[in-house]
Structures are given as C-alpha cells and as structure tokens.
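Data first, discussion second: the structure below is written as structure tokens.
The values are calculated or read from the model by the stated rules, or taken from the named source; none is laboratory data. Bear in mind the structure is a predicted one, so any value in this text is a computation, not a measurement. Backbone-built Cβ (ideal geometry, glycine too); neighbour counts: all protein chains shown.
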Amino acid sequence: MIKNINELINNLNHDNSSTRLNSLSQLIEMAKSGVYDVVPAGGHVNNHIHTNYSFSPYSPSKAIWMAFKSGLSTAGIMDHDSISGAIEFIEAGKIAGIATTIGIECRTDFSATPLNGRRINNPDQDSIAYVAIHGIPHTQITKVDEFFSKYRYLRNERNKKMIEKINGLIFKTGIQLSFERDIIPLSKFHEGGSVTERHLLYGLSLKLIEKYGKGESLIEALKNHLSIDISKKLLTLLSDCNNPYYDYDLLGLLKSDLVQSFYIDAAEECPPISDLLVFAKEIGGISAYAYLGDITDSVTGDKKAQKFEDDYLELVFDTIAELGFNGVTYMPSRNSPDQLQR
C-alpha cells in the first residue's frame, strides 16, 4: 500500500496531465477513506501558489494535493507571466473539493510614476515592481495567455544573454550552460510556461552537482571558483549529502550571491503599470500590489538582507491608490507583525 501511495504521489508530477489528475483522484479517495492521514480542512487560504508553469517543484495537481493535505480551504494558482496551469489547477481543485482562484504575477514598469528610480519590491532592479492579478474569471484564461505570451518570449531573449554572462562567471569550473539544452527542459515553456532567473540558476545547480557531487568538493568549488561566501546555516545544509532539498538549497545560495553579477535589466518584457491595470480591469481581475517589505532574514533563503518599501510606504500607498489598484497582497510568513500592522 505504501509503495502504491508513493507511486501515486510521484505521478502527481508526471509529464501527462491526465495521469497527474488520475493520481490525485486516487489519493483523495484514499485520504477520505482514512488510508492516508491529512490535516482536517480549516479556514486557511493561500491564493499565491506557484507551480512548475513558472518555477516550483509542483505541478498544478501536486500543488492542490499539498494544499489538501495541509487543510487549506481555498488555493490560488499564481505563476509568473503564465496562466497555462490554470485549467489543470481548477480541475484538481474540483477533485479535492477545494475552492480555487486563478491569478498571474508579473513585473511591471513603474518609471512613469512617483516610484521611478526606487528599489520597490524587486530585489534586482529599480522602477520595476511585482504585481498580481487575482480572481481572473475562467472565461478570460485564453485572453490572459495571449496578453502575456509576447512577454514570455521577450523574457527569453534576455535569459539567453544572461546565460552568456553566467558562462563567463563559471568558466573556471569548466562548465558551460546551453539555454536550449540545459534550461528550457527544466521549464514548461513549450506548454505556455515561463522561464525565470531561478530556472537559469537551477540549471547551474544541477550542473555543479553533476560535476562536483554533493558535500565538500562542491563547497570548495563554490568558494574557490565562484568566490561565494557561504553562511553557517547553508554550509550545514550543503554538507549534508542526504539533504532531500539539496539542489534547491544550492539554488537559493546561488540566487542570493550571483544574480547581481549576471542580471540584465528587464525592459520590454515588463508592461507599463498603467497598461496592466487597464487590462486587469478589462478582464474583470483584481489588481494587487505585492508588498515585500524590508528583509532581514529571508524565510525562503534566496534573498539577502535588503531595504525595499518600508522607508517610503506612504508614497507607495498613495501611488497605487492613484493608479487604481484594487488591493495589496502580502505574505504573513515573510513579513513581521510590525510590518503587517503598519
């Protein structure tokens, strides 16, 4: 029975969506019959869940399974520049008996606003901010996909240039990355998914592990060839060759230390915020500014201590109110009680 359950869980990330949904259906039936223990459903909601249609270890079906066994009453898909996982997410929610919401997250250009020149909520670039569109009607999924399709292609042109810069940084390792061979297969790009900076660094993580293995040899390569300063916490994690999240911990380290060395400013792939808000209203979505707040210790492990909107939060709220945003989205696990109270 345990073997069967593990096989079904593994199949939640199968290449075929029908297989994923069928496996989810069987797991839900097992849970309802008491074969598999889950947290009883409560009033908890998470409307900002990434899937592997942007960057995540979870397919839409796997994301719903994780939501179900955690006791969520509502789950919302929120991928970067992509809504292509929405149909499966909706169907998976029906199977699990979980209410679902559909959204999309993207970076937008605030240079024509009073926030121009500021590091808003994007760790890598001034004047560019992350925003979300929540509550997208199911009838508008195709229209949303068409709107963002061109931005995914434009993003890949920049991704290719960043791969060239990464290859320059890692030449001492003897490793070279190919965007088409090493990065695209890690994504759902050919199914309407996006390719993010995390994909680039995850591809690098896998290459580094392939060459150096896990543990001391890799740690020495990171220090000597990439000049990365590894925190005590991450040193412990990367020294543990049995760490089940090893490749993601390595990804987090690379993202926090290397991005500034290869990042190329996003331009054409970021729609002007005024255009995005018009589009959100047109499709009946709920536009939300994504509050980040100053970071001291990153709960996700991929961000350094950095200041963002907290020093000028009043200006942020004045600006988004003037622009016509419907709301603000935030992450209680990332923000302090004082930040949220303010």
Pick from LEU235, LEU254, LEU206: which is surrounded by fewer than 18 Cβ atoms within 10 Å (Cβ to Cβ) and within 30 Å of LYS150 (Cβ to Cβ)? LEU206
Look through LEU340, LEU251, LEU277, LEU235 and report the one residue that is aliphatic (A, V, I, L, M) and modelled with pLDDT under 95. LEU340
Return the residues of the stretch 280-317 that are at positive phi and either modelled with pLDDT under 90 or outside any loop (DSSP other than H, G, I, E, B) (or both); say none if nothing qualifies. GLY293, GLY301
Close pairs from the stretch 251-273: first over 23 Å from PHE110 (Cβ atoms), partner among the aromatic types (Phe, Trp, Tyr) and surrounded by 22 or more Cβ atoms within 10 Å (Cβ to Cβ), Cβ under 8 Å, at least 6 apart: LEU251/TYR202
Go through the stretch 247-278 and give me each residue that's over 30 Å from SER205 (Cβ atoms) and either touching a Phe, Trp or Tyr at 6+ places or on another chain (Cβ under 6 Å) or of a type in the set (A, V, I, L, M) (or both). ILE273, LEU276, LEU277, VAL278
Matching residues in the stretch 61-79 (small (Gly, Ala, Ser) and without any contact (Cβ under 8 Å) to a residue 24 or more places away in the chain) number 0
Being among the hydroxyl-bearing types (Ser, Thr, Tyr), closer than 29 Å to ASP126 by Cα and assigned to a helix (DSSP H, G or I) is the filter here, so list the residues in the stretch 209-267 that pass it. TYR248, SER256, SER261
Tell me which residues, restricted to the stretch 187-208, are polar (S, T, N, Q), in a loop (DSSP other than H, G, I, E, B) and either more than 14 Å from LEU251 (Cβ to Cβ) or in contact with a helix residue (DSSP H, G or I) (Cβ under 7 Å, 6 or more places away or on another chain) (or both). SER187, SER194
In this structure, is LYS150 more than 18 Å from the chain's Cα centre (by Cα) and under 24 Å from LEU186 (Cα atoms)? yes
Scanning the stretch 38-67 residue by residue, those crowded, with 24+ Cβ neighbours inside 10 Å and either more than 20 Å from TYR130 (Cβ to Cβ) or of a type in the set (A, V, I, L, M) (or both) turn out to be SER59, PRO60, SER61, ALA63, ILE64, TRP65, ALA67
Condition test on ARG119, is it of a type in the set (Lys, Arg) and over 18 Å from the mean Cα position of the chain (by Cα)? yes
Return a yes/no flag: does the stretch 100-109 have any residue that is surrounded by fewer than 20 Cβ atoms within 10 Å (Cβ to Cβ) and in contact (Cβ under 8 Å) with a residue 12 or more places away in the chain. no
Scan the stretch 31-48 and tell me whether some residue there is in contact with a Lys or Arg (Cβ under 7 Å, 6 or more places away or on another chain), in a loop (DSSP other than H, G, I, E, B), touching a residue at least 60 places away in the same chain (Cβ under 8 Å) and hydrophobic (A, V, I, L, M, F, W, C). no
Identify, by number, the condition in (1) farther than 21 Å from THR74 by Cβ; (2) under 24 Å from the mean Cα position of the chain (by Cα); (3) at pLDDT below 95; (4) among the polar types (S, T, N, Q) that SER33 doesn't meet. (2)
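Residue-wise test of (1) free of Cβ contacts under 8 Å to residues at least 24 places away in the same chain; (2) over 21 Å from ALA288 (Cβ atoms); (3) touching a Pro at 6+ places or on another chain (Cβ under 8 Å); (4) not in a loop (DSSP other than H, G, I, E, B).
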| site | (1), (2), (3), (4) |
| --- | --- |
| ALA112 | no, no, yes, no |
| GLN125 | no, no, no, no |
| GLU146 | yes, yes, no, yes |
| SER149 | no, yes, no, yes |
| ARG158 | no, yes, no, yes |
